[in-house]
Amino acid sequence: MDTSPKLLVVRNLTKAFVNDHAPKTVFSGIDFDLAERDSLAVVGPSGCGKTTLLLIIAGLLRADAGEVLLHGNRIVRPSSETALVLQHYGLFPWKTVAANITLGADIQQINISDTELMNVKRDLGIESLDALYPAQLSGGQRQRVALARAVLLRPSLLLLDEPFAAIDAITRERLQANLLALFRRRGFSMITVTHNIEEAVFLGRRIIVLDNKQKGIKTMIDNPQAGSTDFRNNPEFFERCLELRKILEDAG
Ligand SMILES: Nc1ncnc2c1ncn2[C@@H]1O[C@H](COP(=O)(O)OP(=O)(O)OP(=O)(O)O)[C@@H](O)[C@H]1O
Ligand SMILES: [Mg+2]
C-alpha cells in the first residue's frame, strides 16, 4: 500500500463551459493525487482541458463539481504554496532580470538569502544576466528567469503549462535538465502540461493522458525512472515514449 503523504488530492473534478448557451463538458470525474517531491506530466490532444485542469489546481478557476485539496485544505483561491509557469514567460519588460527574478518573492515578503539566490541562478545558468532587460534575452533565457522567479516563491507545488513549447529542441532539453536539478535540490512537487512526448517521459514520474472522447483520464502510466538525469539514454526511455505515442494516437 502506498503510504507516502499526499501533497495534492484531486477528486471527481468536473468542468463545463457554456458556449452558445449550451454547456459543453471539458472533463468529468478526474481523480488523481500527487505525493511530496513527486512529479506528474499531463498530456493529451488540444482542447482536452489540460490548461483548464491546471488553472483549477492553481485556484484561478472554479470546478463545477469535485474538489482539489492541497495539504488537506480545499483550494478555492490562489495559494502561496503554488506557483505557475506559463509558456509566455510573464516577465516585466521595464524591469531588469535581477528585479524580475525576485519580484514575486518581494511581493510575498519572502526573504531570499544571497546563497539561495545564487544557487537558483547557478542551477539555471543565469548568473551573468542580472543587468539585462527581458527584450535583450533569448526565449530560453527568458524562460529560465521565469523559472527562477517561480521557484523562489518556495512553492510546494510548481505548475507548468507547456513551459518550453516555444524553445528549440536542444535548448529545451537543457531547460528540462535545469528544471530537474531544481526539483531535486528544492524538494517541490510539479505538474508539467506538455504536448511533447519525450518531455512528458523525461519529467513525469506518472503520466496522465487526457482524452477528448472520454472527457477524462484515458490512461495513467507509471514512469518511476523519470527524474534521473541520464534516463534519456536508457532503453526504457524509448520504450516508454513509444507506449505513450501509441496511446496518444488513439486519444484524439
Ligand atoms: N474561458 C473559457 N470559456 C469557454 N470555453 C473555454 C474557456 N477556456 C477553455 N474553454 C474550452 O475548454 C476546452 C479545453 O480548453 P483548454 O485550454 O483547457 O485545453 P488544452 O488541453 O489546454 O488545449 P491546448 O493543448 O490547445 O492548450 C476547449 O474546448 C476550450 O475551447
Ligand atoms: Mg492549454
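For the reader, a short list of remarks on this structure follows.
- Of the listed requirements (1) more than 15 Å from ligand 1 (Cβ to nearest atom); (2) modelled with pLDDT of 95 or more, residue 3 misses just one: (2).
A quick yes/no check of all residues on (1) touching a residue at least 40 places away in the same chain (Cβ under 8 Å); (2) of a type in the set (Ser, Thr, Tyr):
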| residue | (1), (2) |
| --- | --- |
| 8 | yes, no |
| 15 | yes, no |
| 22 | no, no |
| 33 | no, no |
| 36 | yes, no |
| 39 | yes, yes |
| 43 | yes, no |
| 51 | yes, yes |
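- Candidates 157, 132 - the one that is away from ligand 2 (no atom under 16 Å from the Cβ) and touching a Leu at 6+ places or on another chain (Cβ under 8 Å): 157
- Segments classed as strands (runs of 3 or more DSSP E), wholly inside segment 1-76, with at least 2 members that are surrounded by 20 or more Cβ atoms within 10 Å (Cβ to Cβ) and touching a helix residue (DSSP H, G or I) at 6+ places or on another chain (Cβ under 6 Å): 39-43
- Counted residues, segment 53-65 - those being touching a residue at least 60 places away in the same chain (Cβ under 8 Å) and more than 14 Å from the chain's Cα centre (by Cα): 0
- Within the set 166, 200, 177, 150, the sole residue that is in contact (Cβ under 8 Å) with a residue 60 or more places away in the chain, farther than 23 Å from residue 249 by Cβ and in a helix (DSSP H, G or I) turns out to be 150.
The values are calculated or read from the model by the stated rules, or taken from the named source; none is laboratory data. Note that the coordinates shown come from a computational prediction; the quantities given were computed from them, not determined experimentally. With ideal geometry, Cβ positions are generated from the backbone for all residues, glycine too; neighbour counts draw on all protein chains shown.
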